[in-house]
1. Which whole-angstrom value gives the distance between the alpha carbon centres of the range 82-106 and the range 1-29?
2. Sorted from largest to smallest, which semi-axis lengths in Å does the alpha carbon gyration tensor of the chain give for its equivalent ellipsoid, taking the root of 5 times each eigenvalue?
3. Once fully extended, how much extra length lies between residue 32 and residue 3, figured as 0.36 nm per residue of separation less the alpha-carbon to alpha-carbon distance?
4. What number, rounded to the nearest 500 deg cm²/dmol, is the helix-based mean residue ellipticity at 222 nm of the chain, given -39500 (n - 2.57) per DSSP H run of at least four residues and division by all its residues?
5. Would you mind ranking 63, 25 so that the residue whose beta carbon has the fewest other beta carbons within 10 Å leads the list?
6. If each of residue 47 and residue 93 carries a label point 7 Å out from its Cα toward its Cβ, how far apart are those two points in nm?
7. Over the chain, with a Gaussian network built from C-alpha contacts below 10 Å, which listed residue (85, 51, 43) shows the highest mean-square fluctuation?
8. Quote the relative contact order of the chain in percent (integer), defining contacts as alpha-carbon pairs under 8 Å separated by 6+ residues.
């Protein structure tokens with residue numbers, strides 16, 4: 001089976017702050033068929049997100065499938081607290097690349 005990176009299927013993949021100790025990711029779709037294929041395909045799970053970021057699955061603090069919005073929302077524990085020494089993204093807006101490159105089975 002062929003696969004595509006998530007960014008080729010989702011309309012928006014973004015990250016942002018969810019407080020000083022968390023980063024949240026939004027995966028949004030404008031097409032119901034693509035949303036359902038990704039939602040049900042098994043490629044985007046707490047385990048695969050943790051693996052993409054080199055985290056233990058216990059560091060995934062929430063994982064939601066929001067059918068009304070055709071979106072998936074994932075929140076992780078920040079690798080470093082916001083503003084801590086060595087932390088390079090105060091706004092959490094540049095952490096989405098590993099997520100958007102997860103391979104998803106092609107529809």
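Values quoted throughout were computed directly from the atomic coordinates according to the rules given, and no laboratory measurement underlies them. It should be emphasised that the depicted structure is a prediction, and the values quoted were computed from it without experimental measurement. With ideal geometry, Cβ positions are generated from the backbone for all residues, glycine too; neighbour counts draw on all protein chains shown.
1. Answer, in whole Å: 9.
2. Values: eigenvalues 120, 37, 29 Å².
Calculated on Cα positions only, the semi-axes equal 25, 14, 12 Å.
3. Values: separation 29, 0.36 × 29 = 10.44 nm, distance 1.86 nm.
Gain in length upon complete extension: 8.6 nm.
4. Working: 3 runs with 22 residues, N = 107.
Per the formula, -5500 deg cm²/dmol.
5. On the way: 63 18, 25 24.
Ranked by crowding around the Cβ, least crowded first: 63, 25.
6. In this crude spin-label approximation the distance works out to 3.5 nm.
7. Ranking 85, 51, 43 by mean-square fluctuation puts 85 first.
8. Details: 195 pairs, mean separation 44.4, N = 107.
It rounds to 41 percent for the chain.
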